[in-house]
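The values are calculated or read from the model by the stated rules, or taken from the named source; none is laboratory data. Given the structure is predicted, the values throughout are model-derived calculations rather than measurements. Reconstructed Cβ throughout: ideal geometry from the backbone, glycine too, with neighbour counts over all protein chains shown.
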Amino acid sequence: MASPPQAITGERDLRLDLFRGVALWLIFLDHIPENIVNWFTIRNYGFSDATEIFIFISGYTAAFVYGRTMRDRGFVLSSARILRRAWQIYVAHIFLFTIFMAEIAYVAATFDNPLYAEEMKILDFLKQPDVTIFQALLLKFKPVNMDVLPLYIALLLLFPPMLFLLLRYPNFALAGSAAVYALNWKLDFNLPAYPNGVWYFNPFAWQLLFVFGAWCALGGAQRLSVVLRSHIVLWLAVVYLVFAFVITLTWHFESLDRFVPVLLKDVMYPVDKTNLDVLRFAHFLALAAVTVRFVPRDWSGLNSAILQPAIRCGQHSLEVFCLGVFLAFAGQFIIAESSGGPLLQTAISLLGIFIMIGTAYLISWYKGMEGRSPVPRVKTRDADLAGGEA
Amino acid sequence: MTFVMAILATIAFVNGAAAATAAEECDVPESLISAETDLTRVANEISDHHRLDISVVGSGSSVLSGPDGPHFAYPAQLEQVLKERLPGNEIKVTVHIQARQVTADMAAALPKILSEDQPTLVIWQAGTVDALRGVEPEEFRTSLDQGLDVVAGANADAIMMNMQYSPRTESMLNVSSYADVMRWVAEQRGVLLFDRLAIMRYWSDAGIFDLYTATSGYAMAHRVHECIGRALASQIISAGHLDAGKLQTTR
């Protein structure tokens with residue numbers, strides 16, 4: 001158990017970038033509520049969605065990057081780097097919050113409709129900006145769709161000791177993480193939110209995915225590969241994915257709902273996103289197992305031109321994520337202003353993704369000019385959103 | 001004299017035309033109006049006593065402000081439509097609307113309301129204020145369960161009504177998780193849900209109402225509420241099987 005992890009392998013696993021890039025696109029699409037295109041995103045076809053992919057890969061890359069630093073340069077320096085990263089993400093979050101406030105203030109000033117007198121009360125917080133802004137700085141006030149970065153900050157703040165453990169006793173650390181997750185079913189801990197309630201993504205639950213990703217990066221994936229090669233596991237995963245797909249279909253077509261046995265519903269529902277329902281976690285695992293099976297690390301397609309845009313986005317995930325949140329705001333705003341139909345929604349979705357890709361290339365170009373090209377070099381820089389640029 | 005008659009005729013004609021367009025506007029696909037659970041108490045009350053007492057419990061989105069707002073809000077519209085569609089029956093809709101009350105407040109107020117009104121049907125509009133206040137979904141669910149227990153204990157049928165579809169506030173006010181809870185509770189308890197969210201979304205998507213419009217006028221709000229009243233009446237009539245037999249001949 002205490003054997004030092006042999007792998008923090010030097011080579012970059014492009015699959016991580018690819019899937020993180022795709023996850024970023026999906027998150028962008030899902031964040032535009034009125035969007036015909038988000039029928040294509042995976043949340044409609046199973047329990048888990050892009051958030052799981054994103055958090056897992058972020059854990060993986062965080063361990064990949066900072067694990068090396070911790071091994072080579074010690075606990076203090078690597079912790080400092082992790083905390084600096086958390087700070088950068090915090091600043092990014094506050095920046096997005098500012099944009100959000102601008103949008104809200106605009107809506108408050110221009111939109112009025114007696115039909116929505118009650119809903120408009122949500123704008124009341126503008127009447128007390130002192131409280132609201134302060135609560136936002138404390139990460140307690142989080143507007144809709146701005147929950148991922150605070151989760152990330154929380155996970156990174158606790159990551160130094162976790163990484164320390166993972167490097168020495170990886171299985172023990174993972175078991176500890178799973179124990180916290182399971183214990184929380186009973187204890188129901190979560191961080192408080194403002195003005196009421198709790199964090200949308202409970203860090204005590206979601207840490208499991210992050211730590212699991214980190215564990216995989218530090219040699220766990222290799223240990224798991226024996227399991228993943230088994231046909232039984234593959235079939236179990238496929239069967240579960242099909243099951244989840246069928247269940248999700250009954251959410252969209254209510255006429256199908258009556259075919260789901262009541263007993264099964266009592267066990268399954270509600271599928272809780274806040275506390276990373278075990279059905280969601282299992283769905284992610286199944287998805288990952290199947291993906292790893294059919295997309296091997298040395299898959300030639302990873303070098304094909306078609307996939308490069310997604311890979312590039314995945315390599316600059318903090319910037320692209322923030323941009324995606326902003327574009328989702330902007331896109332939604334345009335759709336609302338023009339009462340837009342499916343055509344406009346599709347156009348905005350595509351345009352948004354193009355802008356994300358263009359920006360990712362621009363950042364690559366800039367970093368290349370500055371001599372910090374992420375791809376060929378192994379030297380550690382910041383992990384982009386705990387990760388990408390290693 | 002003929003002049004007055006002409007004016008009256010014109011008014012009648014315009015009114016009729018307006019009513020016709022409202023009815024057309026209000027078209028809602030049947031799939032959006034669930035009638036999976038029978039309103040047996042409503043059916044019995046109509047067939048045995050030819051009357052129906054309805055209590056509407058809700059928050060701000062069950063009423064309209066402005067001149068004569070309550071008269072145009074959906075509870076009053078519902079009463080009127082039911083009277084038209086169920087002639088020969090005494091229909092009474094009593095409203096208990098209080099702005100800013102969360103579901104827990106309403107659940108606590110239900111016993112008193114029920115003992116005063118003795119209704120056969122309770123329409124419970126909930127969720128918006130809970131979303132505004134960020135009430136924990138689990139707590140929201142418990143409150144719904146409590147309230148529905150009270151309604152069942154008072155021997156009344158229940159219809160839950162969820163939030164309005166409000167595209168302009170959607171990026172600030174996330175109602176979907178509360179809507180999910182209501183669907184789940186409805187499903188689990190076999191209680192009818194009036195899916196206002198889906199219905200209004202349909203009206204928006206179909207171009208029937210432009211719910212993005214910024215306006216200080218009441219015209220659209222009145223029409224939306226009228227349509228909600230109509231859709232609600234349709235749900236009550238089909239889930240109570242009130243369209244059958246002699247009722248149908250009177251239409």
Requested in this report: Within segment A:188-207, work out how many residues are assigned to a loop (DSSP other than H, G, I, E, B) and of a type in the set (V, I, T).
Outcome: 0
Query raised in the report: Going by the conditions given, is A:G46 assigned to a helix (DSSP H, G or I) and either under 30 Å from A:E337 (Cβ atoms) or of a type outside the set (A, V, I, L, M) (or both)?
Result: no
Query raised in the report: B:S166 fails exactly one of the following numbered conditions: (1) hydroxyl-bearing (S, T, Y); (2) more than 8 Å from every other protein chain (Cβ to nearest Cβ); (3) surrounded by 22 or more Cβ atoms within 10 Å (Cβ to Cβ). What is the number of that condition?
Result: (2)
Query raised in the report: Can you find even one residue in segment A:74-91 that is in contact with a Lys or Arg (Cβ under 9 Å, 6 or more places away or on another chain), farther than 30 Å from B:D210 by Cβ and of a type outside the set (K, R)?
Result: yes
Report task. Any chance you could count how many residues in segment B:40-63 are crowded, with 18+ Cβ neighbours inside 10 Å and either within 15 Å of the chain's Cα centre (by Cα) or part of a strand (DSSP E or B) (or both)? Result -> 12
Report task. Taking the residues in segment B:116-136 that are surrounded by 21 or more Cβ atoms within 10 Å (Cβ to Cβ) and free of Cβ contacts under 8 Å to residues at least 60 places away in the same chain as candidates, determine which candidate is farthest from the other protein chains (Cβ to nearest Cβ). Result -> B:G127
Query - Criterion: under 24 Å from the mean Cα position of the chain (by Cα), surrounded by 13 or more Cβ atoms within 10 Å (Cβ to Cβ) and over 30 Å from A:M70 (Cβ atoms) - qualifying residue of A:A221, A:A244, A:A173 - result: A:A244
Query - Flag for B:A154 being on the phi < 0 side of the Ramachandran plot and either basic (K, R) or within 7 Å of chain A (Cβ to nearest Cβ) (or both) - result: no
Report task. Output yes when any residue across segment A:74-90 is in contact (Cβ under 8 Å) with a residue 12 or more places away in the chain, in a helix (DSSP H, G or I), crowded, with 19+ Cβ neighbours inside 10 Å and of a type in the set (S, T, Y), and no when none is. Result -> yes
Report task. State all residues of segment A:98-118 that are out of contact with any Lys or Arg (no Cβ under 8 Å at 6 or more places or on another chain), part of a helix (DSSP H, G or I) and surrounded by 13 or more Cβ atoms within 10 Å (Cβ to Cβ); if no residue qualifies, say none. Result -> A:I99, A:F100, A:M101, A:E103, A:I104, A:A105, A:A108, A:P114, A:L115
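Here's the yes/no breakdown for (1) among the polar types (S, T, N, Q); (2) within 30 Å of A:L137 (Cβ to Cβ):
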{"residue": "A:P195", "(1), (2)": "no, yes"}
{"residue": "A:G213", "(1), (2)": "no, yes"}
{"residue": "A:A221", "(1), (2)": "no, no"}
{"residue": "A:L228", "(1), (2)": "no, no"}
{"residue": "A:A288", "(1), (2)": "no, no"}
{"residue": "A:T291", "(1), (2)": "yes, no"}
{"residue": "A:V295", "(1), (2)": "no, no"}
Query raised in the report: Identify, please: which residue in segment A:249-296 is loosely packed, with under 13 Cβ neighbours inside 10 Å and closer than 18 Å to A:R20 by Cα and is, among those, nearest to the other protein chains (Cβ to nearest Cβ)?
Result: A:F294
Report task. Being of a type in the set (S, T, Y) and either in contact (Cβ under 8 Å) with a residue 12 or more places away in the chain or farther than 25 Å from B:R133 by Cα (or both) is the filter here, so list the residues in segment B:175-212 that pass it. Result -> B:S177, B:Y178, B:Y202, B:S204, B:Y212
Query raised in the report: Are any residues in segment A:17-41 over 13 Å from the mean Cα position of the chain (by Cα) and within 21 Å of A:G331 (Cα to Cα), and if so, which ones?
Result: A:L29, A:I32, A:P33, A:E34, A:N35, A:I36, A:V37, A:N38, A:W39, A:F40, A:T41
Query raised in the report: Just checking, which of A:I153, A:I122 is free of Cβ contacts under 8 Å to residues at least 12 places away in the same chain, part of a helix (DSSP H, G or I) and either in contact with a Ser or Thr (Cβ under 7 Å, 6 or more places away or on another chain) or among the β-branched types (V, I, T) (or both)?
Result: A:I122
Report task. Please specify each residue of segment B:64-92 satisfying the condition of being crowded, with 23+ Cβ neighbours inside 10 Å and not in a helix (DSSP H, G or I). Result -> B:L64, B:A73, B:L86
Report summary line: So, first residue closer than 14 Å to A:P192 by Cβ and modelled with pLDDT of 90 or more in segment A:136-150, second residue surrounded by 20 or more Cβ atoms within 10 Å (Cβ to Cβ) and polar (S, T, N, Q), Cβ within less than 6 Å, six or more apart or across chains; the pairs are none
